[in-house]
Amino acid sequence: MSKLPNIGTSIFTVMSKMAAEYNAINLSQGFPNFTVDERLTNIVARLANENVHQYTPMSGYPLLLLKIVTLVEKSYSRIVQPETELLVTAGATQAIFTTIQALVNNNDEVIVLDPSYDCYEAPILLCNALPVRVDLNDDYTPNWECIEKAFSSKTKMMIINNPHNPTGKIWTESDFKALETLLEKYPEVILLSDEVYEYITFEQRHISVHSRTKLQHRTIVVSSFGKSFHVTGWKVGYLVAPENLMKEVKKVHQFIVFSVNSICQIAICEYLDLVSVSELRMFYQEKRDYFRKLLQNSRFQLMPCEGTYFQVASYASISDEDDVTFCKRLITDYGVAAIPISTFYANGKDLKLVRFCFAKDNKTLEEAAKRLCGV
Ligand code: PMP
Ligand code: GLN
């Protein structure tokens with residue numbers, strides 16, 4: 001019998017495959033199509049001939065751990081202990097899977113806010129635990145009344161994702177205040193904060209759990225170098241957790257990957273001396289603004305985009321098809337692939353919204369927009 005009878009193939013795989021089959025411009029799965037910084041590829045080329053090809057220590061290449069400590073301190077003024085609070089992972093996906101496997105028990109409940117990214121549900125189910133999925137408000141702010149109602153004596157963990165995939169929404173000070181007030185009533189509940197787009201926010205600054213002293217002691221914060229350095233295929237990320245939780249997380253980590261790809265860790269370690277993550281915000285803000293401008297005369301209605309490299313758009317004035325059918329037709333008839341937002345909801349809520357990834361070179365964005373303006 002299947003352990004995951006209701007889990008199919010990820011929508012990102014489905015849409016990317018279909019995009020390739022129809023030779024469509026792929027704005028569905030989130031990954032950049034522009035070239036990686038030459039300084040980074042040069043480091044990798046040089047390292048290939050050096051003695052860097054064996055296992056690193058289980059929790060990460062030691063010098064990289066120190067560089068991450070500096071990065072977190074610079075970004076959020078938080079001092080992380082590299083030996084006890086930091087773990088390099090094979091991307092955020094493994095960080096999330098490992099955390100859930102390590103900390104969630106049989107029959108526990110985990111609060112997940114919908115629309116939600118697809119890598120939370122399966123690891124919860126594999127623990128024989130229950131994902132309790134609560135819809136965000138229509139403007140994608142947390143609905144605190146519904147969230148509080150969803151808490152029970154079985155609640156073990158709550159997962160938040162900020163900046164948010166797919167909606168591009170970011171959390172405000174008052175969202176965090178409300179979360180802190182709620183969690184004070186549930187001192188045993190663990191928070192898992194997926195912050196992979198932490199350096200991609202625009203008009204407002206990202207508020208990280210790293211800077212919330214009331215939450216740090218109970219939170220696992222997850223980051224991804226794939227997003228921050230345009231290398232999603234490298235699958236290198238990290239998590240920060242308080243020592244008592246980290247002890248459990250490492251027990252599982254050592255038997256999932258033991259240690260992460262050595263050459264990529266060392267390359268990122270060197271690259272961190274050359275690059276500033278603060279450049280990312282301007283880079284993607286220009287992309288966002290350009291893509292929105294290109295679509296301004298289309299029949300799509302563009303939703304606000306406060307962060308991430310995703311633009312959500314309504315096609316309600318174009319078609320009343322369900323969003324999966326619409327996305328498939330967008331590929332076959334117009335040659336552009338997007339992601340239907342209903343797939344991020346447990347209840348399949350279909351608000352006639354699609355997600356476009358604008359982490360693409362300008363030529364690709366221009367051609368895609370030309371096609372989308374014809375819809
Ligand atoms: N969380 C979110 C919200 C994501 O969008 C992604 C992937 N883009 C991940 C986690 C996984 O990141 P990684 O590729 O580092 O595993
Ligand atoms: N996170 C990427 C997205 O949202 C997808 C990564 C994947 O395909 N697993 O598009």
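The values are calculated or read from the model by the stated rules, or taken from the named source; none is laboratory data. Bear in mind the structure is a predicted one, so any value in this text is a computation, not a measurement. Heads up, the Cβs are rebuilt from the backbone with ideal geometry, glycines too, and the neighbour counts pull from every protein chain shown. Accessible surface areas use protein heavy atoms only, side chains included; no ligands, DNA or RNA. Shrake-Rupley method; radii C 1.70, N 1.55, O 1.52, S 1.80 Å.
Taking the inverse of the mean reciprocal distance over all distinct Cα pairs, the Kirkwood hydrodynamic radius of region 1-67 comes to 16.5 Å.
GNM remark for the chain: springs join alpha carbons under 10 Å apart, and the peak mean-square fluctuation among P163, P57, P115 falls on P57.
With r defined as the distance between the Cβ atoms of Q296 and T141 and R0 fixed at 30 Å, what FRET efficiency is calculated, to the nearest 0.05?
Details: r = 26 Å, r/R0 = 0.86.
Step by step, r from the Cβ atoms, then E = 0.70.
Kirkwood radius and radius of gyration were both taken over the C-alpha atoms of region 102-148, and their ratio Rg/Rh is 1.02. Under the simplified labelling scheme, the D273-K154 pair shows an inter-label distance of 5.3 nm, with each label point 7 Å from Cα along Cα→Cβ. Counted as membrane-span-like here are DSSP H helices of the chain whose alpha-carbon atoms extend 20 Å or more along the helix's own axis and whose Kyte-Doolittle mean is -1.0 or above; these are 62-76. Once the chain from Y186 to I7 is taken as fully extended at 0.36 nm per residue, the excess over their C-alpha distance is 61.4 nm. Once the trypsin sites (Lys or Arg not before Pro) in DSSP loops with at most 11 neighbouring Cβ atoms within 10 Å are cut out of the chain, the longest remaining piece is 4-184.
The calculated FRET efficiency for Q204 paired with A316, based on their beta-carbon distance and R0 = 30 Å, is about 0.65. Distance between the modelled labels on V36 and S262, one decimal in nanometres: 1.8 nm (7 Å Cα→Cβ projection). Please identify, among N106, N42, N51, the residue showing maximal mean-square fluctuation in a Gaussian network model of the chain using a 10 angstrom Cα cutoff. Highest fluctuation among the options: N51. Heavy-atom surface analysis with a 1.4 Å probe gives the chain a carbon and sulfur content of 51 percent of its accessible area.
Oblate is the label for region 3-128, because a/c, from the alpha-carbon gyration tensor with a ≥ b ≥ c as root eigenvalues, is 1.5 or above and a/b does not exceed b/c.
In square nanometres, what is one fourth of the surface area of the convex hull spanned by the alpha carbons of region 44-84? It would help to have the intermediate numbers written out before the result.
On the way: hull surface 14.7 nm².
The orientation-averaged projected area of the Cα hull of region 44-84 comes to 3.7 nm².
Please work out whether region 63-182 counts as rounded, prolate or oblate from its C-alpha gyration tensor, where a ≥ b ≥ c are the square roots of the eigenvalues and a/c under 1.5 means rounded, while otherwise a/b larger than b/c means prolate and anything else oblate? Oblate. Here the gap between Q54 and F283, fully extended at 0.36 nm per residue and compared with their Cα-Cα distance, gives a gain of 78.9 nm. Solvent exposure of region 26-83 amounts to 58 Å² per residue of accessible area, where only protein heavy atoms count and the probe is 1.4 Å. The residues of region 259-345 have, on average, 39 Å² of accessible surface per residue, using a 1.4 Å probe with all protein chains present. A Förster distance of 41 Å, applied to the separation of the beta-carbon atoms of Y22 and E243, puts the FRET efficiency at 0.20. Pairs exceeding a 27 Å alpha-carbon distance, out of K349/K370; K67/K293; K293/K352: K349/K370; K67/K293. Derived from the Cα gyration tensor, the three semi-axes of the equivalent ellipsoid of the chain are 31, 27, 20 Å, largest first. Relative to one another, the C-alpha centroids of region 154-171 and region 236-310 are positioned 15 Å apart. Net charge of the neighbourhood of V88, taken over other residues with C-beta under 14 Å away and scored Lys/Arg +1, Asp/Glu -1, is +1.
In a GNM of the chain with a 10 Å cut-off on Cα contacts, which of T70, T98, T181 has the highest mean-square fluctuation? Looking only at T70, T98, T181, the biggest GNM fluctuation is shown by T181.
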